[in-house]
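Written below as C-alpha coordinates is the structure these notes are about.
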Amino acid sequence: MARTRLRLAVLLAYTIAFRLVTLGRPFQYDDEATGGAFYGLLARNYLRIPWSETHGIPVLTVGRLAGAPLVFYPDHPPLVPLLIAPLYRMFGAGEWQARLPTSIATVLSVLVLYRLVRRGSGERVAMTAAACFAAMPMVLHFGGQPEVLAMPLVLGALLTVDAYLVLCRDPGWGALARAAAAFTVAAASDWPAFIMMPVLALHFALTEPRVRWRWMVALGAWAVALFAALYVYIAVAAHLRWDWMVPLLKGRTAIGVRSPFTAAEWLRTAGSFNRHCHTLPLMAAAVVWSIVSVLPGGRRQEGAAAAGLLLAWGTLHVLIGRQGVYNHEWWWWPLTPGIAAAAALFAELSIAAAGRRASAAAPLLLGITVCLFAVWTTIREYRHLYPAPQTGVFTTLEVGAAIQAAAPQPDDLVMLAWSGQDPELWFYGDRPLRTGIWSIDDFEERLLAADADLAFGYLQPWPARAAGFVFPVIAIAGMPDLHAYVQARYRRVALPPALAKQFEVFDLR
(Lines give C-alpha, C1' and ligand atoms only; values in the text may rest on other atoms or scores of the structure.)
Protein backbone atom coordinates (compact mmCIF):
# COMPACT_ATOMS: atom_id res chain seq x y z
CA MET A 1 0.00 0.00 0.00
CA ALA A 2 2.84 2.43 0.86
CA ARG A 3 4.56 1.69 -2.46
CA THR A 4 1.30 2.31 -4.33
CA ARG A 5 0.80 5.65 -2.64
CA LEU A 6 4.40 6.63 -3.39
CA ARG A 7 3.99 5.83 -7.10
CA LEU A 8 0.77 7.85 -7.28
CA ALA A 9 2.37 10.74 -5.37
CA VAL A 10 5.31 10.79 -7.81
CA LEU A 11 2.93 10.77 -10.77
CA LEU A 12 0.86 13.63 -9.39
CA ALA A 13 4.02 15.58 -8.51
CA TYR A 14 5.21 15.17 -12.12
CA THR A 15 1.87 16.36 -13.45
CA ILE A 16 1.74 19.36 -11.10
CA ALA A 17 5.38 20.29 -11.79
CA PHE A 18 4.90 20.53 -15.56
CA ARG A 19 1.74 22.56 -15.11
CA LEU A 20 3.50 24.96 -12.74
CA VAL A 21 6.45 25.39 -15.09
CA THR A 22 4.19 26.30 -18.02
CA LEU A 23 1.47 28.13 -16.08
CA GLY A 24 2.68 31.67 -16.77
CA ARG A 25 3.77 31.15 -20.39
CA PRO A 26 2.94 34.28 -22.44
CA PHE A 27 0.10 34.05 -24.92
CA GLN A 28 2.21 33.94 -28.09
CA TYR A 29 1.13 33.05 -31.62
CA ASP A 30 0.44 29.34 -31.23
CA ASP A 31 -2.63 27.17 -30.78
CA GLU A 32 -2.30 26.72 -27.03
CA ALA A 33 -1.93 30.42 -26.31
CA THR A 34 -4.62 31.54 -28.75
CA GLY A 35 -7.29 29.62 -26.85
CA GLY A 36 -6.01 30.98 -23.55
CA ALA A 37 -6.02 34.59 -24.70
CA PHE A 38 -9.54 34.25 -26.09
CA TYR A 39 -11.10 32.92 -22.91
CA GLY A 40 -9.05 35.43 -20.95
CA LEU A 41 -10.82 38.15 -22.94
CA LEU A 42 -14.22 36.68 -22.15
CA ALA A 43 -13.38 36.32 -18.46
CA ARG A 44 -12.13 39.90 -18.24
CA ASN A 45 -15.37 41.18 -19.71
CA TYR A 46 -17.35 39.46 -16.95
CA LEU A 47 -15.67 41.90 -14.56
CA ARG A 48 -16.01 44.99 -16.75
CA ILE A 49 -19.55 44.66 -18.05
CA PRO A 50 -22.46 44.41 -15.60
CA TRP A 51 -24.30 41.10 -15.39
CA SER A 52 -27.50 43.04 -16.09
CA GLU A 53 -26.17 43.64 -19.62
CA THR A 54 -24.53 40.28 -20.34
CA HIS A 55 -26.96 37.99 -18.43
CA GLY A 56 -24.01 35.65 -18.04
CA ILE A 57 -23.33 35.28 -21.78
CA PRO A 58 -19.64 35.77 -22.72
CA VAL A 59 -18.95 39.09 -24.49
CA LEU A 60 -16.32 39.75 -27.18
CA THR A 61 -16.51 43.55 -27.14
CA VAL A 62 -13.30 45.36 -26.15
CA GLY A 63 -13.81 48.91 -24.88
CA ARG A 64 -17.15 50.69 -24.76
CA LEU A 65 -18.63 53.28 -27.12
CA ALA A 66 -21.85 55.06 -26.15
CA GLY A 67 -24.78 53.54 -28.01
CA ALA A 68 -22.77 50.65 -29.50
CA PRO A 69 -24.32 47.23 -28.75
CA LEU A 70 -22.35 44.42 -27.20
CA VAL A 71 -21.18 41.50 -29.33
CA PHE A 72 -21.93 38.20 -27.60
CA TYR A 73 -20.13 34.88 -27.97
CA PRO A 74 -22.90 32.38 -27.22
CA ASP A 75 -21.45 29.40 -29.11
CA HIS A 76 -20.50 27.43 -25.98
CA PRO A 77 -21.66 27.08 -22.38
CA PRO A 78 -19.93 29.65 -20.15
CA LEU A 79 -18.21 27.51 -17.51
CA VAL A 80 -14.60 28.11 -18.59
CA PRO A 81 -14.60 31.94 -18.54
CA LEU A 82 -16.71 31.89 -15.38
CA LEU A 83 -14.00 29.81 -13.67
CA ILE A 84 -11.34 32.33 -14.69
CA ALA A 85 -13.23 35.50 -13.77
CA PRO A 86 -12.91 35.15 -9.94
CA LEU A 87 -9.14 34.69 -10.29
CA TYR A 88 -8.96 37.83 -12.41
CA ARG A 89 -10.91 39.70 -9.74
CA MET A 90 -8.55 38.54 -6.99
CA PHE A 91 -5.18 38.63 -8.80
CA GLY A 92 -5.70 40.68 -11.96
CA ALA A 93 -5.81 39.49 -15.57
CA GLY A 94 -2.87 37.38 -16.64
CA GLU A 95 -1.69 34.13 -18.14
CA TRP A 96 -1.33 32.00 -15.01
CA GLN A 97 -4.72 33.07 -13.71
CA ALA A 98 -6.35 31.98 -16.99
CA ARG A 99 -4.57 28.61 -17.01
CA LEU A 100 -5.02 27.74 -13.34
CA PRO A 101 -8.58 26.25 -13.46
CA THR A 102 -7.72 24.05 -16.45
CA SER A 103 -4.43 23.00 -14.88
CA ILE A 104 -6.22 21.93 -11.72
CA ALA A 105 -8.68 19.97 -13.87
CA THR A 106 -5.72 18.22 -15.52
CA VAL A 107 -4.29 17.06 -12.20
CA LEU A 108 -7.71 15.89 -11.04
CA SER A 109 -8.26 14.03 -14.33
CA VAL A 110 -5.07 12.01 -13.81
CA LEU A 111 -6.35 11.00 -10.38
CA VAL A 112 -9.90 10.22 -11.57
CA LEU A 113 -8.64 8.11 -14.49
CA TYR A 114 -6.40 6.17 -12.10
CA ARG A 115 -9.32 5.43 -9.77
CA LEU A 116 -11.66 4.63 -12.64
CA VAL A 117 -9.32 2.05 -14.21
CA ARG A 118 -8.18 0.61 -10.88
CA ARG A 119 -11.73 -0.29 -9.86
CA GLY A 120 -12.11 -2.71 -12.75
CA SER A 121 -8.59 -3.65 -13.78
CA GLY A 122 -6.28 -3.40 -10.81
CA GLU A 123 -3.42 -1.26 -9.58
CA ARG A 124 -0.84 -1.91 -12.31
CA VAL A 125 -3.18 -1.16 -15.20
CA ALA A 126 -4.50 1.93 -13.42
CA MET A 127 -1.01 3.32 -12.82
CA THR A 128 0.00 2.62 -16.42
CA ALA A 129 -3.11 4.33 -17.77
CA ALA A 130 -2.73 7.38 -15.53
CA ALA A 131 1.00 7.69 -16.31
CA CYS A 132 0.46 7.40 -20.07
CA PHE A 133 -2.30 9.97 -19.84
CA ALA A 134 -0.22 12.42 -17.80
CA ALA A 135 2.78 12.10 -20.14
CA MET A 136 0.80 12.20 -23.38
CA PRO A 137 1.71 15.23 -25.52
CA MET A 138 -1.95 16.30 -25.64
CA VAL A 139 -1.98 16.61 -21.85
CA LEU A 140 1.46 18.21 -21.60
CA HIS A 141 0.86 20.69 -24.43
CA PHE A 142 -2.80 21.59 -23.89
CA GLY A 143 -3.26 20.59 -20.24
CA GLY A 144 -3.31 24.22 -19.12
CA GLN A 145 -5.15 25.71 -22.09
CA PRO A 146 -8.29 27.58 -21.02
CA GLU A 147 -10.64 26.16 -23.63
CA VAL A 148 -14.15 24.73 -23.60
CA LEU A 149 -13.15 21.56 -25.42
CA ALA A 150 -10.34 20.80 -23.01
CA MET A 151 -9.66 19.51 -19.53
CA PRO A 152 -12.79 20.75 -17.69
CA LEU A 153 -14.84 18.81 -20.26
CA VAL A 154 -12.59 15.73 -20.02
CA LEU A 155 -12.70 15.81 -16.23
CA GLY A 156 -16.50 15.99 -16.34
CA ALA A 157 -16.56 13.07 -18.80
CA LEU A 158 -14.31 10.93 -16.60
CA LEU A 159 -16.44 11.67 -13.55
CA THR A 160 -19.57 10.85 -15.56
CA VAL A 161 -18.23 7.47 -16.75
CA ASP A 162 -17.09 6.68 -13.23
CA ALA A 163 -20.51 7.53 -11.76
CA TYR A 164 -22.30 5.72 -14.59
CA LEU A 165 -20.43 2.47 -13.89
CA VAL A 166 -21.38 2.80 -10.21
CA LEU A 167 -24.99 3.24 -11.34
CA CYS A 168 -24.70 0.03 -13.39
CA ARG A 169 -23.23 -1.89 -10.47
CA ASP A 170 -25.48 -0.56 -7.73
CA PRO A 171 -28.45 1.40 -9.13
CA GLY A 172 -30.23 3.78 -6.81
CA TRP A 173 -31.10 7.41 -6.24
CA GLY A 174 -27.69 8.23 -4.78
CA ALA A 175 -25.85 6.76 -7.75
CA LEU A 176 -28.21 8.53 -10.15
CA ALA A 177 -27.67 11.89 -8.42
CA ARG A 178 -23.91 11.41 -8.60
CA ALA A 179 -24.03 10.61 -12.31
CA ALA A 180 -26.32 13.58 -13.00
CA ALA A 181 -24.04 15.95 -11.08
CA ALA A 182 -20.92 14.74 -12.90
CA PHE A 183 -22.65 15.06 -16.26
CA THR A 184 -23.74 18.61 -15.39
CA VAL A 185 -20.09 19.60 -14.96
CA ALA A 186 -19.26 18.19 -18.39
CA ALA A 187 -22.33 19.79 -20.02
CA ALA A 188 -21.53 23.20 -18.54
CA SER A 189 -18.08 22.92 -20.18
CA ASP A 190 -19.09 22.24 -23.77
CA TRP A 191 -21.70 20.64 -26.01
CA PRO A 192 -19.75 17.42 -26.85
CA ALA A 193 -20.64 16.23 -23.35
CA PHE A 194 -24.12 15.45 -24.65
CA ILE A 195 -22.64 12.98 -27.16
CA MET A 196 -21.89 10.77 -24.17
CA MET A 197 -25.57 10.07 -23.53
CA PRO A 198 -26.28 7.86 -26.58
CA VAL A 199 -23.04 5.97 -25.85
CA LEU A 200 -24.05 5.32 -22.24
CA ALA A 201 -27.65 4.52 -23.19
CA LEU A 202 -26.59 1.92 -25.77
CA HIS A 203 -24.17 0.31 -23.34
CA PHE A 204 -26.85 0.20 -20.63
CA ALA A 205 -29.40 -1.36 -22.98
CA LEU A 206 -26.93 -4.05 -24.08
CA THR A 207 -25.57 -4.94 -20.65
CA GLU A 208 -28.28 -4.32 -18.05
CA PRO A 209 -31.59 -6.14 -17.50
CA ARG A 210 -34.72 -4.35 -18.64
CA VAL A 211 -35.94 -3.93 -15.08
CA ARG A 212 -33.10 -1.45 -14.52
CA TRP A 213 -33.62 0.63 -17.64
CA ARG A 214 -35.62 3.22 -15.72
CA TRP A 215 -32.37 4.50 -14.18
CA MET A 216 -30.83 5.21 -17.57
CA VAL A 217 -34.07 6.77 -18.76
CA ALA A 218 -33.93 9.11 -15.77
CA LEU A 219 -30.29 10.05 -16.49
CA GLY A 220 -31.13 10.62 -20.15
CA ALA A 221 -34.11 12.77 -19.20
CA TRP A 222 -31.83 14.89 -17.02
CA ALA A 223 -29.47 15.36 -19.98
CA VAL A 224 -32.33 16.40 -22.26
CA ALA A 225 -33.64 18.87 -19.68
CA LEU A 226 -30.16 20.30 -19.17
CA PHE A 227 -29.62 20.74 -22.90
CA ALA A 228 -32.99 22.42 -23.31
CA ALA A 229 -32.33 24.76 -20.38
CA LEU A 230 -28.92 25.81 -21.73
CA TYR A 231 -30.22 26.20 -25.27
CA VAL A 232 -33.25 28.30 -24.33
CA TYR A 233 -31.34 30.45 -21.85
CA ILE A 234 -28.61 31.29 -24.39
CA ALA A 235 -31.21 32.08 -27.06
CA VAL A 236 -33.14 34.41 -24.75
CA ALA A 237 -30.18 36.07 -23.01
CA ALA A 238 -28.25 36.74 -26.25
CA HIS A 239 -31.38 37.63 -28.29
CA LEU A 240 -30.83 34.86 -30.82
CA ARG A 241 -33.13 33.03 -33.21
CA TRP A 242 -34.49 29.74 -31.96
CA ASP A 243 -32.45 27.85 -34.57
CA TRP A 244 -29.22 29.57 -33.53
CA MET A 245 -27.32 26.29 -33.14
CA VAL A 246 -28.09 24.99 -36.64
CA PRO A 247 -25.42 27.07 -38.46
CA LEU A 248 -22.87 26.12 -35.78
CA LEU A 249 -23.70 22.45 -36.15
CA LYS A 250 -23.42 22.63 -39.92
CA GLY A 251 -20.06 24.35 -39.65
CA ARG A 252 -18.62 21.89 -37.14
CA THR A 253 -19.87 18.81 -38.97
CA ALA A 254 -19.33 20.12 -42.52
CA ILE A 255 -22.80 18.75 -43.30
CA GLY A 256 -25.15 20.93 -45.30
CA VAL A 257 -22.33 23.30 -46.23
CA ARG A 258 -19.49 23.09 -48.71
CA SER A 259 -16.67 21.10 -47.15
CA PRO A 260 -13.33 22.97 -47.13
CA PHE A 261 -11.34 19.74 -47.31
CA THR A 262 -11.20 16.48 -49.21
CA ALA A 263 -11.22 13.08 -47.53
CA ALA A 264 -7.50 12.72 -48.21
CA GLU A 265 -6.76 16.13 -46.67
CA TRP A 266 -8.83 15.27 -43.61
CA LEU A 267 -7.01 11.97 -43.12
CA ARG A 268 -3.59 13.60 -43.49
CA THR A 269 -4.47 16.27 -40.95
CA ALA A 270 -5.98 13.73 -38.55
CA GLY A 271 -2.85 11.60 -38.80
CA SER A 272 -0.58 14.59 -38.19
CA PHE A 273 -2.56 15.82 -35.19
CA ASN A 274 -2.73 12.39 -33.58
CA ARG A 275 0.94 11.59 -34.15
CA HIS A 276 1.74 14.72 -32.21
CA CYS A 277 -0.92 14.60 -29.51
CA HIS A 278 -1.33 10.87 -28.89
CA THR A 279 1.88 9.35 -30.35
CA LEU A 280 2.04 6.34 -32.64
CA PRO A 281 2.90 3.76 -29.93
CA LEU A 282 -0.13 4.58 -27.78
CA MET A 283 -2.50 4.82 -30.74
CA ALA A 284 -1.30 1.47 -32.09
CA ALA A 285 -1.74 -0.15 -28.67
CA ALA A 286 -5.26 1.28 -28.33
CA VAL A 287 -6.26 0.10 -31.81
CA VAL A 288 -4.95 -3.43 -31.25
CA TRP A 289 -6.69 -3.66 -27.88
CA SER A 290 -9.95 -2.48 -29.44
CA ILE A 291 -9.74 -5.11 -32.17
CA VAL A 292 -8.88 -7.91 -29.75
CA SER A 293 -11.74 -6.88 -27.46
CA VAL A 294 -14.44 -6.98 -30.14
CA LEU A 295 -13.34 -9.99 -32.18
CA PRO A 296 -15.26 -13.23 -31.57
CA GLY A 297 -13.30 -15.22 -29.04
CA GLY A 298 -11.21 -12.19 -28.14
CA ARG A 299 -10.13 -11.96 -24.56
CA ARG A 300 -12.40 -9.71 -22.49
CA GLN A 301 -10.51 -7.88 -19.75
CA GLU A 302 -12.14 -7.01 -16.50
CA GLY A 303 -12.71 -3.27 -16.30
CA ALA A 304 -12.63 -2.80 -20.06
CA ALA A 305 -15.98 -0.99 -19.97
CA ALA A 306 -14.42 2.32 -18.94
CA ALA A 307 -11.89 2.30 -21.78
CA GLY A 308 -14.53 1.22 -24.27
CA LEU A 309 -16.96 3.94 -23.23
CA LEU A 310 -14.30 6.64 -23.37
CA LEU A 311 -13.08 5.49 -26.79
CA ALA A 312 -16.65 5.32 -28.11
CA TRP A 313 -17.36 8.85 -26.89
CA GLY A 314 -14.17 10.21 -28.43
CA THR A 315 -14.76 8.42 -31.73
CA LEU A 316 -18.35 9.64 -31.98
CA HIS A 317 -17.18 13.18 -31.28
CA VAL A 318 -14.66 12.94 -34.13
CA LEU A 319 -17.28 11.64 -36.55
CA ILE A 320 -19.74 14.40 -35.67
CA GLY A 321 -17.24 17.25 -35.38
CA ARG A 322 -15.12 16.41 -38.40
CA GLN A 323 -14.74 20.07 -39.37
CA GLY A 324 -13.67 21.07 -35.85
CA VAL A 325 -11.14 18.27 -35.48
CA TYR A 326 -9.74 19.22 -38.91
CA ASN A 327 -9.18 22.84 -37.81
CA HIS A 328 -8.12 22.40 -34.19
CA GLU A 329 -5.56 19.99 -32.80
CA TRP A 330 -7.03 20.12 -29.28
CA TRP A 331 -10.46 19.05 -30.55
CA TRP A 332 -9.13 15.48 -30.30
CA TRP A 333 -9.21 15.75 -26.49
CA PRO A 334 -12.21 13.38 -26.01
CA LEU A 335 -10.11 10.51 -27.40
CA THR A 336 -7.17 11.08 -25.04
CA PRO A 337 -8.28 9.30 -21.83
CA GLY A 338 -9.69 6.38 -23.81
CA ILE A 339 -6.40 5.90 -25.67
CA ALA A 340 -4.46 5.96 -22.40
CA ALA A 341 -6.77 3.40 -20.76
CA ALA A 342 -6.82 1.13 -23.83
CA ALA A 343 -3.02 1.26 -24.16
CA ALA A 344 -2.67 0.21 -20.51
CA LEU A 345 -5.07 -2.68 -21.03
CA PHE A 346 -3.09 -3.74 -24.11
CA ALA A 347 0.09 -3.76 -22.03
CA GLU A 348 -1.63 -6.01 -19.49
CA LEU A 349 -2.78 -8.36 -22.26
CA SER A 350 0.79 -8.53 -23.55
CA ILE A 351 2.11 -9.39 -20.10
CA ALA A 352 -0.47 -12.17 -19.74
CA ALA A 353 0.37 -13.52 -23.20
CA ALA A 354 4.10 -13.55 -22.47
CA GLY A 355 3.82 -16.49 -20.12
CA ARG A 356 4.73 -16.95 -16.47
CA ARG A 357 8.52 -16.73 -16.84
CA ALA A 358 8.54 -13.65 -19.03
CA SER A 359 5.78 -11.95 -17.07
CA ALA A 360 7.92 -11.92 -13.91
CA ALA A 361 10.18 -9.24 -15.38
CA ALA A 362 7.42 -7.59 -17.39
CA PRO A 363 6.23 -5.13 -14.70
CA LEU A 364 9.76 -3.70 -14.33
CA LEU A 365 10.16 -3.45 -18.10
CA LEU A 366 6.75 -1.79 -18.38
CA GLY A 367 7.67 0.74 -15.70
CA ILE A 368 10.95 1.60 -17.43
CA THR A 369 9.16 1.96 -20.78
CA VAL A 370 6.56 4.34 -19.34
CA CYS A 371 9.27 6.42 -17.65
CA LEU A 372 11.26 6.69 -20.89
CA PHE A 373 8.06 7.65 -22.71
CA ALA A 374 7.47 10.42 -20.15
CA VAL A 375 11.03 11.72 -20.49
CA TRP A 376 10.73 11.82 -24.29
CA THR A 377 7.37 13.59 -24.39
CA THR A 378 8.22 16.02 -21.58
CA ILE A 379 11.39 17.26 -23.26
CA ARG A 380 9.72 17.44 -26.65
CA GLU A 381 6.65 19.37 -25.49
CA TYR A 382 8.66 21.78 -23.37
CA ARG A 383 10.67 22.65 -26.48
CA HIS A 384 7.46 23.08 -28.46
CA LEU A 385 6.04 25.40 -25.83
CA TYR A 386 9.26 27.41 -25.44
CA PRO A 387 10.87 27.65 -28.88
CA ALA A 388 13.99 29.73 -29.45
CA PRO A 389 13.12 33.42 -30.09
CA GLN A 390 13.26 34.57 -33.71
CA THR A 391 15.37 37.59 -34.52
CA GLY A 392 13.38 40.64 -35.61
CA VAL A 393 9.96 39.15 -34.85
CA PHE A 394 7.96 41.04 -32.25
CA THR A 395 6.06 39.28 -29.50
CA THR A 396 2.40 39.61 -28.59
CA LEU A 397 3.37 41.49 -25.43
CA GLU A 398 5.32 44.01 -27.52
CA VAL A 399 2.49 44.61 -29.98
CA GLY A 400 0.15 44.98 -27.01
CA ALA A 401 2.40 47.67 -25.54
CA ALA A 402 2.51 49.47 -28.91
CA ILE A 403 -1.28 49.41 -29.17
CA GLN A 404 -1.64 50.95 -25.72
CA ALA A 405 0.93 53.61 -26.60
CA ALA A 406 -1.17 54.51 -29.65
CA ALA A 407 -4.33 54.90 -27.55
CA PRO A 408 -3.78 55.90 -23.93
CA GLN A 409 -7.50 55.80 -23.14
CA PRO A 410 -9.17 52.36 -22.87
CA ASP A 411 -11.97 53.27 -25.30
CA ASP A 412 -9.74 54.80 -27.99
CA LEU A 413 -9.59 52.76 -31.18
CA VAL A 414 -6.28 51.79 -32.79
CA MET A 415 -5.57 50.84 -36.41
CA LEU A 416 -2.90 48.26 -37.13
CA ALA A 417 -0.83 47.94 -40.30
CA TRP A 418 -0.84 44.24 -39.97
CA SER A 419 -3.25 41.35 -40.37
CA GLY A 420 -4.51 39.07 -37.69
CA GLN A 421 -7.62 37.90 -35.88
CA ASP A 422 -5.76 36.25 -33.01
CA PRO A 423 -7.19 37.21 -29.61
CA GLU A 424 -3.69 37.86 -28.27
CA LEU A 425 -3.91 41.31 -29.91
CA TRP A 426 -6.98 42.24 -27.89
CA PHE A 427 -5.81 40.54 -24.70
CA TYR A 428 -2.52 42.43 -24.50
CA GLY A 429 -3.54 45.55 -26.43
CA ASP A 430 -6.83 45.86 -24.52
CA ARG A 431 -8.17 48.41 -27.01
CA PRO A 432 -10.74 48.31 -29.84
CA LEU A 433 -8.88 47.63 -33.08
CA ARG A 434 -9.12 47.85 -36.86
CA THR A 435 -6.63 45.40 -38.29
CA GLY A 436 -5.51 44.44 -41.77
CA ILE A 437 -4.49 47.92 -42.99
CA TRP A 438 -2.37 47.12 -46.05
CA SER A 439 -2.70 50.18 -48.29
CA ILE A 440 -3.52 53.88 -48.37
CA ASP A 441 -7.05 53.03 -49.50
CA ASP A 442 -7.45 50.68 -46.51
CA PHE A 443 -6.23 53.41 -44.20
CA GLU A 444 -8.55 56.12 -45.53
CA GLU A 445 -11.55 53.79 -45.63
CA ARG A 446 -11.16 52.57 -42.07
CA LEU A 447 -10.06 55.78 -40.38
CA LEU A 448 -13.71 56.76 -40.00
CA ALA A 449 -15.29 53.34 -40.46
CA ALA A 450 -18.50 52.25 -38.73
CA ASP A 451 -17.09 49.16 -37.08
CA ALA A 452 -14.14 47.65 -35.24
CA ASP A 453 -12.59 44.22 -35.56
CA LEU A 454 -12.87 41.60 -32.84
CA ALA A 455 -11.11 38.29 -32.30
CA PHE A 456 -11.66 35.54 -34.88
CA GLY A 457 -13.26 37.87 -37.43
CA TYR A 458 -16.23 39.13 -35.42
CA LEU A 459 -17.21 42.78 -35.95
CA GLN A 460 -18.22 45.38 -33.37
CA PRO A 461 -20.32 48.42 -34.37
CA TRP A 462 -17.97 51.34 -33.68
CA PRO A 463 -18.75 54.55 -35.64
CA ALA A 464 -15.81 56.62 -34.40
CA ARG A 465 -12.49 57.94 -35.66
CA ALA A 466 -9.36 55.96 -34.89
CA ALA A 467 -7.05 57.56 -32.31
CA GLY A 468 -3.76 55.89 -33.23
CA PHE A 469 -1.95 53.81 -35.82
CA VAL A 470 0.62 51.07 -35.18
CA PHE A 471 3.10 50.25 -37.94
CA PRO A 472 5.49 47.31 -37.33
CA VAL A 473 9.00 48.17 -38.50
CA ILE A 474 9.31 44.74 -40.10
CA ALA A 475 6.33 45.61 -42.37
CA ILE A 476 7.60 49.00 -43.64
CA ALA A 477 9.56 47.53 -46.55
CA GLY A 478 6.45 45.72 -47.80
CA MET A 479 4.19 48.81 -47.59
CA PRO A 480 6.43 51.81 -48.40
CA ASP A 481 3.63 53.95 -49.91
CA LEU A 482 1.40 53.54 -46.86
CA HIS A 483 4.29 54.31 -44.52
CA ALA A 484 5.26 57.46 -46.43
CA TYR A 485 1.61 58.60 -46.52
CA VAL A 486 1.12 58.26 -42.77
CA GLN A 487 4.54 59.69 -41.91
CA ALA A 488 3.83 62.83 -43.93
CA ARG A 489 0.48 63.55 -42.26
CA TYR A 490 0.60 62.43 -38.63
CA ARG A 491 2.82 62.95 -35.61
CA ARG A 492 4.89 60.03 -34.40
CA VAL A 493 4.45 58.98 -30.78
CA ALA A 494 7.61 58.63 -28.70
CA LEU A 495 8.22 55.04 -27.59
CA PRO A 496 10.68 53.40 -25.21
CA PRO A 497 13.89 52.47 -27.09
CA ALA A 498 13.27 48.71 -27.09
CA LEU A 499 9.72 49.17 -28.41
CA ALA A 500 10.82 51.79 -30.97
CA LYS A 501 13.01 49.15 -32.64
CA GLN A 502 9.89 47.12 -33.41
CA PHE A 503 7.14 49.66 -34.08
CA GLU A 504 6.31 53.17 -35.27
CA VAL A 505 3.19 54.65 -33.68
CA PHE A 506 1.27 57.63 -35.06
CA ASP A 507 -1.26 59.92 -33.36
CA LEU A 508 -4.37 60.20 -35.58
CA ARG A 509 -6.38 62.55 -33.37
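The values are calculated or read from the model by the stated rules, or taken from the named source; none is laboratory data. What you are looking at is a predicted structure, and each value in this text was computed from that prediction instead of being measured. As a convention, Cβ positions derive from the backbone with ideal geometry for all residues, glycine included, and neighbour counts pool all protein chains shown. When the accessible area is computed, the model is the full protein with side chains, heavy atoms only, and any ligands, DNA or RNA have been set aside. Shrake-Rupley method; radii C 1.70, N 1.55, O 1.52, S 1.80 Å.
Quick notes on this structure:
- In segment 13-40, the qualifying residues are those that are more than 17 Å from M138 (Cα to Cα) and assigned to a helix (DSSP H, G or I), and the one that is most open to solvent (accessible area, probe 1.4 Å) is A13.
- Residue in segment 121-136 that is of a type outside the set (G, A, S), touching a His at 6+ places or on another chain (Cβ under 7 Å) and in contact (Cβ under 8 Å) with a residue 40 or more places away in the chain present: yes
- Top-ranked residue in segment 437-458 [being open to solvent by 20 Å² or more (accessible area, probe 1.4 Å), part of a loop (DSSP other than H, G, I, E, B) and not hydroxyl-bearing (S, T, Y); ranked as nearest to T34 (Cα to Cα)]: W438
- Criterion violated by K250 - all others in (1) closer than 18 Å to P58 by Cβ; (2) exposed (fewer than 15 other Cβ atoms within 10 Å of the Cβ) satisfied: (1)
- Test: residue in segment 263-275 that is loosely packed, with under 12 Cβ neighbours inside 10 Å and in a loop (DSSP other than H, G, I, E, B): no
- For segment 421-436, taking the residues that are in a loop (DSSP other than H, G, I, E, B) and in contact with a Leu (Cβ under 6 Å, 6 or more places away or on another chain), the one that is farthest from F506 (Cα to Cα) is identified as P423.
- Which numbered condition P480 fails, given (1) surrounded by fewer than 16 Cβ atoms within 10 Å (Cβ to Cβ); (2) within 38 Å of the chain's Cα centre (by Cα): (2)
- If you check T262, T269 for being in contact with a helix residue (DSSP H, G or I) (Cβ under 6 Å, 6 or more places away or on another chain), farther than 22 Å from L309 by Cα and among the hydroxyl-bearing types (S, T, Y), only one passes: T269.
- Residue within segment 176-184 that is assigned to a helix (DSSP H, G or I), closer than 30 Å to L385 by Cβ, open to solvent by 10 Å² or more (accessible area, probe 1.4 Å) and at pLDDT 95 or above present: no
- Scanning segment 464-477 for residues that are in contact (Cβ under 8 Å) with a residue 60 or more places away in the chain and either basic (K, R) or loosely packed, with under 14 Cβ neighbours inside 10 Å (or both) returns a single hit, I474.
- L149 over 30 Å from W244 (Cα atoms) and under 27 Å from the mean Cα position of the chain (by Cα): no
- Segment 72-88 residues that are farther than 13 Å from A43 by Cβ, paired with ones that are acidic (D, E) (beta carbon under 6 Å, 6 or more apart): H76/D190
- Against the numbered list (1) closer than 28 Å to E329 by Cα; (2) modelled with pLDDT under 95; (3) of a type in the set (F, W, Y), W213 comes up short only at (1).
- The listed residue being in contact (Cβ under 8 Å) with a residue 40 or more places away in the chain, open to solvent by 20 Å² or more (accessible area, probe 1.4 Å) and not in a loop (DSSP other than H, G, I, E, B), out of L116, L165: L165
The rows are residues; the columns are (1) in contact with a Pro (Cβ under 9 Å, 6 or more places away or on another chain); (2) under 21 Å from I320 (Cβ atoms); (3) surrounded by fewer than 12 Cβ atoms within 10 Å (Cβ to Cβ); (4) acidic (D, E).
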site: V211; (1), (2), (3), (4): no, no, yes, no
site: A221; (1), (2), (3), (4): no, no, yes, no
site: A237; (1), (2), (3), (4): yes, no, no, no
site: M245; (1), (2), (3), (4): no, yes, no, no
site: H278; (1), (2), (3), (4): yes, yes, no, no
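- Taking every residue in segment 1-25 that is touching a residue at least 40 places away in the same chain (Cβ under 8 Å) and on the phi > 0 side of the Ramachandran plot and pairing it with any residue that is surrounded by fewer than 13 Cβ atoms within 10 Å (Cβ to Cβ) and in a loop (DSSP other than H, G, I, E, B), at least 6 positions away or on another chain, yields no pair with a Cβ-Cβ distance below 7 Å.
- Being small (G, A, S) and at pLDDT 90 or above is a property that holds for G338.
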